[in-house]
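These notes are about the structure you will find just below.
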Amino acid sequence: MVCLHFLGGSARTWEPVAHRLAGTVRCLALDLPGFGAAAEATGYDVAAMAERVATAIRAARPGRFALAGHSMGAKVALALARRAEDGDPDLVGLSHLVLVAGSPPSPEPIAEDRRRKMLAWIGADPETRARAARAFIRQNVSAPLAPEDEDKATADVLRAAPEAWRAWLESGANEDWAARIGVLRTPALILAGSEDADLGPTGQAALTAPHLAHARTEILDGTGHLLPLERPDAVAAAIAAHLAGAPPQRARTAEIPDSYAALIASDRVNPRLRAALAERARPDDPAYTPAALDPVELALLRAVVARVLPEAGFDIAARLDARLASGVGDGWRFARLPPDADAYRAGLRSLDAAARATGAPFLARDGAGQDALLRAAQEGRLAVPGAAHPRLDPERMVLWFEDVRADAVRTYLSHPATLARLGFSGIGAGGTGTVGADGLARDLPGFVRTGRNDPEPWEPEPPEPAPAHPARREPAEVVR
């Protein structure tokens, strides 16, 4: 496992975890440019750091390997994972990601006053730097470290090149890799400290998890930002379980009962309709990369759909995104809304902005919290901050949410698995019949029996009714 450290850390940040994994996982902890033993090295942006790590991996020839990134190192790990999935020969063999209090692909949410303070002391006199470096370590843990660990961590901060420190705070942390990272297939473990401020569970849910198709988030209660130093036992145990876990499911397929599949295959169904149903029944790609929305917006749409509809067994949000990207609409839109793709982006971002203004991002809220916001949107009460961009005002949010519900329900109802679940056999009324000289079809099978509870003999037996309150799909597994 190749291990990358946090801002101000070094390779030895990972020593407590590596010690606990010894005999199970061999750890290769690296110093990023400007830090630890590489304090003299340059190349401080994310791409340059990733290239340095790729060079080290090429030299090590690990075969199958995992990447673990802590905070700043996580953003570098994400960039490397994208390169690996795009076929970089230096990174063949990447099997797992571990993101520990990770900096997200998008600009890191650092409070500006805190950023200014961190920049102010790095070039100060030695006494001030020593005092501030120790305070920096203490501010990033929830409970005091053992004295020797605190001393080592403080010493690492002090041996960091000031240029590298400034480069991350002024530039690297603000680099926006969201579009380049997209959605990664590599199985990922997200570790977050419950007491971490900017990169805790909320930040991971809202900014990092949407970029990972197969992610599991583990929250370590009572832990701050320096998890490898604060909770090495828990971090090592979580990593060992992650690396030993079963491979993720590659595709989702909604189940179509055999009797309904037989009806679809019969001559009673028009070939064009059969082809359309087959297209709708195709498996979804768990790592679907959105084409009209970005990964965070797609995650927001998935969350909205999950609150509106029961578990469908297929990815309605991904299908809506594909339709938006195709430019094929449903023939109409509200005159007060922009074109569909723009309206979706603005509506989802407005919903999230309203959620953030009242305490937490939409993706970090539980079902009840999300329902409250959606109900406010439906009723024209959603308080969308004026600074949100793109933005829909409350009146237009009413229209947008109505459109989203209509699109989602139409997609849900048109899938053959849903039709089977509803006991809808109208698809068997067509067939091809014969075409007369006038070009009209005749001898279509249609329905003969029209009485109540008097089905045709060819109609599939309807399934048992679904539960009144079906379980809703969570976007990603989160445990404590």
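Being modelled with pLDDT under 95 and of a type in the set (Gly, Ala, Ser), is that true of even one residue in the stretch 187-207?
Step one: of the stretch 187-207, the residues modelled with pLDDT under 95 are 197-198.
With of a type in the set (Gly, Ala, Ser) added as a condition, the list becomes 197.
The answer is yes, given that some residue of the stretch 187-207 is modelled with pLDDT under 95 and of a type in the set (Gly, Ala, Ser).
Put simply, of GLU127, GLU108 the only residue that is outside any loop (DSSP other than H, G, I, E, B) and either open to solvent by 10 Å² or more (accessible area, probe 1.4 Å) or not hydrophobic (A, V, I, L, M, F, W, C) (or both) is GLU127. Looking across the stretch 289-324, the residues that are within 14 Å of ALA213 (Cβ to Cβ) and out of contact with any Asp or Glu (no Cβ under 9 Å at 6 or more places or on another chain) come down to THR289, PRO295, ALA299, ALA317. Selection of the stretch 361-383 for residues being open to solvent by 30 Å² or more (accessible area, probe 1.4 Å), assigned to a loop (DSSP other than H, G, I, E, B) and either among the hydrophobic types (A, V, I, L, M, F, W, C) or under 16 Å from LEU301 (Cβ atoms) (or both) yields ARG365, ALA383. Across the stretch 24-49, what is the number of residues that are over 25 Å from LYS152 (Cα atoms) and buried (at least 21 other Cβ atoms within 10 Å of the Cβ)? Adding up the residues that qualify gives 1. Scanning the stretch 264-273 for residues that are buried (at least 18 other Cβ atoms within 10 Å of the Cβ) and over 12 Å from SER425 (Cα atoms) returns a single hit, ASN270.
Would you call ILE219 in a strand (DSSP E or B), over 26 Å from TYR44 (Cβ atoms) and not charged (D, E, K, R)? It is true that ILE219 is in a strand (DSSP E or B), over 26 Å from TYR44 (Cβ atoms) and not charged (D, E, K, R). Would the stretch 189-196 turn up any residue that is over 16 Å from the mean Cα position of the chain (by Cα), open to solvent by less than 40 Å² (accessible area, probe 1.4 Å) and among the β-branched types (Val, Ile, Thr)? No, there is no match, as no residue in the stretch 189-196 is over 16 Å from the mean Cα position of the chain (by Cα), open to solvent by less than 40 Å² (accessible area, probe 1.4 Å) and among the β-branched types (Val, Ile, Thr).
In the list LEU301, LEU337, LEU324, which residue meets the criterion of being assigned to a loop (DSSP other than H, G, I, E, B), on the phi < 0 side of the Ramachandran plot, in contact with a helix residue (DSSP H, G or I) (Cβ under 8 Å, 6 or more places away or on another chain) and at pLDDT 95 or above? Checking each option against the conditions leaves just LEU337. Just a yes or no: is a residue in the stretch 38-47 part of a helix (DSSP H, G or I), under 27 Å from the mean Cα position of the chain (by Cα) and more than 18 Å from LEU189 (Cβ to Cβ)? Taking every residue of the stretch 38-47 in turn, at least one turns out to be part of a helix (DSSP H, G or I), under 27 Å from the mean Cα position of the chain (by Cα) and more than 18 Å from LEU189 (Cβ to Cβ).
Candidates are the residues of the stretch 63-94 that are among the acidic types (Asp, Glu) and part of a helix (DSSP H, G or I); the one that is farthest from TYR44 (Cα to Cα) is GLU85.
Kindly indicate whether ALA261 is over 28 Å from ILE137 (Cα atoms), under 24 Å from the mean Cα position of the chain (by Cα) and surrounded by 15 or more Cβ atoms within 10 Å (Cβ to Cβ).
Details: over 28 Å from ILE137 (Cα atoms): yes; under 24 Å from the mean Cα position of the chain (by Cα): no; surrounded by 15 or more Cβ atoms within 10 Å (Cβ to Cβ): yes.
Taking the combined requirement at face value, the residue does not satisfy it.
Go through the stretch 308-326 and give me each residue that's open to solvent by 30 Å² or more (accessible area, probe 1.4 Å) and within 17 Å of the chain's Cα centre (by Cα). Spell out how you get there, then give the answer.
Start the filter on the stretch 308-326 by keeping residues that are open to solvent by 30 Å² or more (accessible area, probe 1.4 Å), which leaves 308, 310-311, 319, 322-323, 325-326.
Once the filter is applied, which keeps residues that are open to solvent by 30 Å² or more (accessible area, probe 1.4 Å) and within 17 Å of the chain's Cα centre (by Cα), the stretch 308-326 yields only ARG319.
If the condition is being open to solvent by less than 40 Å² (accessible area, probe 1.4 Å), in a helix (DSSP H, G or I) and either at pLDDT below 95 or acidic (Asp, Glu) (or both), then the stretch 136-186 contributes GLU150, ASP156. Screening VAL398 on (1) among the β-branched types (Val, Ile, Thr); (2) open to solvent by 30 Å² or more (accessible area, probe 1.4 Å); (3) over 27 Å from LEU363 (Cα atoms); (4) at pLDDT 90 or above shows it passes everything except condition (3).
If I ask for residues that are part of a loop (DSSP other than H, G, I, E, B), touching a strand residue (DSSP E or B) at 6+ places or on another chain (Cβ under 7 Å), within 21 Å of LEU212 (Cβ to Cβ) and of a type in the set (Lys, Arg), which ones from the stretch 224-274 would you list?
At the first step, the residues of the stretch 224-274 found to be part of a loop (DSSP other than H, G, I, E, B) are 224-226, 231, 245-251, 253-257, 266-270.
When the remaining residues are screened for being touching a strand residue (DSSP E or B) at 6+ places or on another chain (Cβ under 7 Å), the result is 224-225, 231, 251.
Now narrow it down to the ones that are within 21 Å of LEU212 (Cβ to Cβ): 225, 251.
Within the stretch 224-274, no residue meets the criteria.
In the set (1) in contact (Cβ under 8 Å) with a residue 24 or more places away in the chain; (2) aliphatic (A, V, I, L, M); (3) open to solvent by 50 Å² or more (accessible area, probe 1.4 Å), ALA81 fails one condition alone, (3). Looking across the stretch 1-28, the residues that are in a loop (DSSP other than H, G, I, E, B) and either hydrophobic (A, V, I, L, M, F, W, C) or on the phi > 0 side of the Ramachandran plot (or both) come down to MET1, PHE6, LEU7, GLY8, ALA22, GLY23, VAL25, CYS27.
So is ARG20 open to solvent by 30 Å² or more (accessible area, probe 1.4 Å) and within 28 Å of the chain's Cα centre (by Cα) or not? First the steps, then the outcome.
Working: open to solvent by 30 Å² or more (accessible area, probe 1.4 Å): yes; within 28 Å of the chain's Cα centre (by Cα): no.
Criteria not met by ARG20.
Looking only at the stretch 384-417, residues that are part of a loop (DSSP other than H, G, I, E, B) and of a type in the set (Gly, Ala, Ser) come to 3 in all.
The values are calculated or read from the model by the stated rules, or taken from the named source; none is laboratory data. Worth saying up front: this structure is predicted, and the values here are computed from it rather than measured. Neighbour counts are summed over all protein chains in view; Cβ atoms, including those assigned to glycine, are modelled from backbone coordinates with ideal geometry. In case anyone asks, the SASA skips ligands and DNA or RNA and just uses the protein heavy atoms, side chains included. Shrake-Rupley method; radii C 1.70, N 1.55, O 1.52, S 1.80 Å.
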